[in-house]
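Inspection log for the structure reproduced underneath, given as structure tokens.
Laboratory data are not the source of any read-out in this text; all were calculated from the coordinates shown. Predicted, not measured: the structure shown is a model, and the values here were computed from it. Here Cβ is always computed from backbone atoms with ideal geometry, including for glycine, and neighbour counts include all displayed protein chains.
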Amino acid sequence: MEHGTPWLQSSLVYLSAAVLAVPLARLLGLGSIIGYLGAGIAIGPWGLQLVTDPQAMLHFAEFGVVLMLFLVGLELEPRRLWSLRRPIFGWGSVQLFGSAALITGAGVLAGVDWRLALVAGLGLGMSSTAIGLGVLNERNLMGTTAGSSVLSVALLQDIAAIPILAIIPLLAAAGAAGHEGGGWLGAAKALGVIAAIILGGRLLLRPALRWIARSDTPEIFTAAALLLVVATAALMQSVGLSMALGAFLAGVLLAESEYRRELETDLEPFKGLLLGLFFIAVGMSIDFAVVLAQPGVVALVVLGFLVVKALVLVGMARGMKVPLAEAPVFVILLAQGGEFGFVVFQAALGAGVIGAQTSSLLVAAVALSMLLTPLLMVLTDRLLAPRLARHAQAAKPAEIAEEQHAPVIICGFGRYGQIVGRLLNASGYSATVLDHSAEGVAGIRRFGWPAFYGDATRLDLLRVAGAETERVIVVAVDDVEQSLAIVDLARQHFPQATLVARARNVTHWYSLHERGVQHIERETLDSALMSGRSVLELMGMERHTARNAALRFRQHSVEMLHQMAPHQGDEKRLIAVATQGRRELEALWSREREERRAQKARRGEGFHADGNPHDGVEPPAT
Amino acid sequence: MAEILVIAAHPQMEQSRATRALMEAAARLSPARVQVRDLYALYPDYWIDAPAEQAALAEAKLLVWLHPVHWYSMPPLLKLWLDEVFSFGWAYGPGGRALEGKDLWLATSTGGPDSSYRPDGHNRYFFDAFLHPYEQTAALAHMRWLPPLVLHGAHRAGDADLAAHAALFAERLNTWPNWPELADIKADASCDVPADARPAEA
């Protein structure tokens with residue numbers, strides 16, 4: 001890579017690795033994170049050796065994590081953050097220090113030097129914010145109890161990283177001397193910077209953004225958004241604080257501002273790509289030489305710390321009242337090692353607390369656990385989740401054993417399902433609601449609706465909700481795969497129920513149609529047609545004529561879908577049918593326009609059309 | 001191939017007694033002979049599939065309109081059906097002979113009793129006076145207008161009366177076209193529109 005433009009070369013390598021590996025991983029049902037990690041392994045020193053310095057890339061890509069936390073902060077208004085203070089400081093500390101203490105203890109018992117054991121305990125106690133929040137986002141679980149619990153613990157780890165990094169040099173007897181006094185000054189500086197960020201965020205950021213927005217140059221607003229995050233991160237780093245924590249604070253301060261959505265959409269693609277890069281870098285940095293030299297030790301370390309952390313987390317899940325069905329997500333996402341582990345081991349290596357060999361081994365263990373996490377999630381989905389659901393049933397009889405008499409089940413109570421539900425409610429019908437957001441479910445229950453937390457793709461949950469006797473099952477979930485899974489379950493096990501399904505797009509419509517669902521609505525069709533009507537009216541068309549045009553179009557569109565349905569998979573035939581359909585509609589409309597012109601002409605000859613009931617509404621039938 | 005087509009229209013069928021009783025009676029007859037189309041169930045959004053309706057009409061020899069009288073006229077969806085289905089060039093006007101020779105029969109009910117449809121009653125006119133538009137519609141579409149079946153005072157009709165009325169309706173559908181009175185009605189009171197005048201102009 002010495003010749004030419006190095007960034008072009010490396011962009012080529014990284015981008016093609018990502019573009020190839022991620023869709024492949026998703027196709028295999030493994031999720032994008034495994035795709036990135038796999039891509040990293042493939043192009044790294046132990047794969048094709050296209051990249052040889054993963055550490056440099058890791059440093060650069062860490063900015064993806066910073067951006068991610070900024071975006072997480074944007075979603076979290078100060079009020080909600082304040083309500084999370086107990087989980088953050090209380091349960092977060094339990095997780096980190098409980099795990100660290102147990103791992104250290106285990107290490108000492110195994111005959112390892114106590115300082116090494118302590119460093120390993122603190123480093124391995126950390127969890128990967130990037131993978132944790134990445135998985136939560138990918139599965140749309142941020143709003144669940146498990147989601148906010150993972151976030152709380154991850155935040156505490158970010159905060160705790162600061163004192164931990166400060167302590168490590170003290171462990172090395174030699175390095176301890178120079179740090180007295182400096183600690184106080186450092187602490188004061190840190191507090192000062194945090195205060196500056198909070199004050200600045202409150203008083204300066206919004207006017208500044210308003211001023212920039214007024215310049216009406218979109219790319220400058222994007223630049224400002226990036227600058228904001230970079231500046232915060234730089235400020236935090238200058239006093240030795242976590243960049244991600246600073247970005248998170250800045251995000252929280254802007255969560256209530258009018259620029260929240262704008263900032264989100266501007267930064268989202270940067271975050272996505274950098275985070276991908278970060279995962280690739282993690283994949284690259286797995287030192288397979290160490291793993292291959294001592295495979296047994298590495299396996300033991302990985303397994304050991306995963307089990308210890310999982311034990312702590314299982315206890316916490318109970319204490320934090322994480323619903324049983326969400327517990328596996330919570331445990332798995334926090335049991336893994338994290339990128340802060342790398343930093344801790346790096347620092348310990350620098351301070352001479354641990355040797356290079358040990359450091360490599362620990363880093364490999366953490367990286368391997370990060371690789372394992374998404375795999376574990378997939379495994380849990382397939383094996384554990386159904387069983388836990390049955391358990392949940394037994395554990396919470398008050399909530400779940402109720403006989404359900406509402407004749408309708410609504411799966412998914414987001415924007416779509418809610419409208420269906422409210423219409424039913426207003427008409428005097430009740431419905432049983434299934435949703436994967438525990439908070440949402442609690443809210444619905446307050447209105448006296450029978451609502452269950454949980455994944456509607458689980459047969460047992462549907463059964464408890466009363467699917468065996470229901471007349472109607474409404475499938476209103478966001479996720480296409482889940483929607484189809486629910487439909488399959490219902491068709492197989494509850495054939496008496498009529499299905500009413502929301503289709504995200506045409507492909508989804510076909511999949512539902514193929515499964516025999518009769519009541520399918522494309523979620524955007526009707527609102528788009530209403531907008532189309534508005535435009536026609538603004539173009540000067542009479543309102544009723546515009547209404548007829550829209551309804552005609554709707555009818556045509558639905559008929560086309562039905563005509564094309566049997567030809568799914570036969571692209572040529574589909575295109576032919578679609579083209580023919582479009583021609584037919586165009587011919588029909590031009591005939592109608594012709595008809596209207598003719599009518600006008602007749603009127604011009606002395607006939608007045610008032611009283612003629614056919615004034616351009618219908619063409620003469622053939 | 002049903003030769004009798006019953007077009008039923010009631011905006012609140014769930015509250016109907018007379019129209020529903022008659023519609024159900026018709027639906028019990030042989031589907032090969034009688035096809036019932038409930039307009040408000042077929043087209044709740046007032047978006048009528050005119051080609052489908054015309055296809056059903058093409059098969060039929062007797063068209064029955066079954067509806068309550070609302071504001072001395074037909075319910076709005078049936079009027080829309082008429083506007084869209086009896087189209088220019090199909091049912092009337094140049095080349096509009098699709099309905100030629102078919103019979104049109106109205107089965108309807110009124111809230112007011114027979115006695116209210118008199119010059120001294122609160123409806124002030126004999127009921128026949130409100131049927132002129134129907135008769136003329138039939139004439140313009142080259143159809144034969146049959147004497148309507150009317151149930152006055154439908155609100156006050158008892159269950160037995162309604163059942164008897166529905167049975168009569170069914171019986172009439174079964175025996176058509178062998179009704180004794182049909183011998184006296186001439187086949188087609190057709191009125192062709194002069195070529196220089198647009199039809200149906202009020």
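In this entry, the stretch A:62-141 is assigned a mean projected area of 6.6 nm², taken as a quarter of its C-alpha convex hull surface. The residues A:Thr145, A:Thr232, when put in order of fewest to most other Cβ atoms within 10 Å, stand as A:Thr145, A:Thr232.
Hydrodynamic analysis of the stretch A:1-126 uses the Kirkwood radius over alpha carbon pairs. Inserted into Stokes-Einstein at 37 °C and 0.692 mPa s, it gives a translational diffusion coefficient of 179 µm²/s.
Dividing the convex hull volume of the alpha carbon atoms of chain B by its residue count, what do you get in Å³ per residue?
On the way: hull volume 26.7 nm³, N = 202.
So the per-residue Cα hull volume is 132 Å³.
Can you list which of the chymotrypsin sites (Phe, Trp or Tyr not before Pro) found in the stretch A:434-523 are DSSP loop residues with at most 16 other C-beta atoms within 10 Å?
Numbers: sites: A:Phe447, A:Phe452, A:Tyr453, A:Trp509, A:Tyr510; in loops: A:Phe447.
Hits after loop and neighbour filter: A:Phe447.
Summarising the amide proton neighbourhood of A:Phe452: residues at separation of 5 or more, or on other chains, whose placed amide H is nearer than 5 Å comprise A:Val433, A:Leu434, A:Asp435. Specify which residue in the list A:Asn548, A:Met530, A:Gly98 is farthest towards the positive end of the charge dipole of the protein assembly as shown, using unit charges on the beta carbon of Lys, Arg (+1) and Asp, Glu (-1), about the Cα centre. With unit charges placed on the Cβ atoms, the residue in question is A:Gly98.
Under the definition of Cα pairs under 8 Å and six or more residues apart, what whole-number percent is the relative contact order of the stretch A:410-465? Walk me through the intermediate numbers first.
Numbers: 70 pairs, mean separation 17.1, N = 56.
Across the stretch A:410-465, relative contact order equals 31 percent.
Quick one: grab the alpha carbon gyration tensor of the stretch B:22-94, order the square roots of its eigenvalues as a ≥ b ≥ c, and give me rounded if a/c is under 1.5, else prolate or oblate depending on whether a/b is larger than b/c.
In terms of gyration-tensor shape, oblate.
The fraction of Cα-Cα pairs per 5 angstrom bin, counted from 0 for the stretch A:208-274, comes to 3, 17, 26, 27, 17, 8, 2, 0 percent, rounded to whole percents.
A viscosity of 1.306 mPa s and a temperature of 10 °C, combined with the Kirkwood radius over C-alpha pairs in the Stokes-Einstein formula, give the protein assembly as shown a diffusion coefficient of 48 µm²/s.
Placing pseudo-labels 7 Å out from each Cα toward the beta carbon at A:Arg79 and A:Leu204 gives an inter-label distance of 2.8 nm.
Size of the stretch A:204-348: Rg and Dmax of its alpha carbons, in Å, are 20.3, 61.
What do you get for Rg/Rh over the stretch A:421-538 if you use C-alpha atoms and the Kirkwood form of Rh?
Working: Rg = 15.7 Å, Rh = 15.4 Å.
With Rg and the Kirkwood Rh in hand, the quotient comes to 1.02.
Straight-line reach from A:Lys321: taking Cα to Cα under 19 Å and skipping same-chain neighbours fewer than 8 places apart, the aspartates and glutamates in range are A:Glu399, A:Asp435, A:Glu439, A:Asp455. For the protein assembly as shown, the residue among A:Ala356, A:Gly64, B:Pro119 whose Cα projects farthest onto the positive side of the dipole built from Cβ charges is A:Ala356.
Quote the relative contact order of chain A in percent (integer), defining contacts as alpha-carbon pairs under 8 Å separated by 6+ residues.
On the way: 832 pairs, mean separation 91.4, N = 622.
Relative CO of chain A lands at 15 percent.
In a simple Cβ point-charge model (Lys, Arg +1; Asp, Glu -1; nothing else charged), chain B has a dipole of about 260 debye relative to its Cα centre. Coupling constants for the stretch A:478-489 follow from the phi torsions by the Karplus curve (6.51 cos²θ - 1.76 cosθ + 1.60, θ = phi - 60°), and in residue order they are 6, 7, 5, 4, 5, 4, 5, 5, 4, 4, 4, 4 Hz; glycine and proline get x. For the stretch A:285-394, the extents of the C-alpha atoms along the principal axes are 52, 27, 19 Å, listed from largest to smallest.
Shape of the stretch A:45-107 from the C-alpha gyration tensor: oblate (a/c of 1.5 or more and a/b not above b/c, with a ≥ b ≥ c the square roots of its eigenvalues).
Both radii are taken from the alpha-carbon atoms of the stretch A:495-583; with Rh as the Kirkwood radius, Rg/Rh is 1.05. Here the 3J(HN,Hα) profile of the stretch B:19-26, calculated from phi with Karplus coefficients 6.51, -1.76 and 1.60 at θ = phi - 60°, is 4, 5, 4, 6, 5, 5, 4, 5 Hz, Gly and Pro shown as x.
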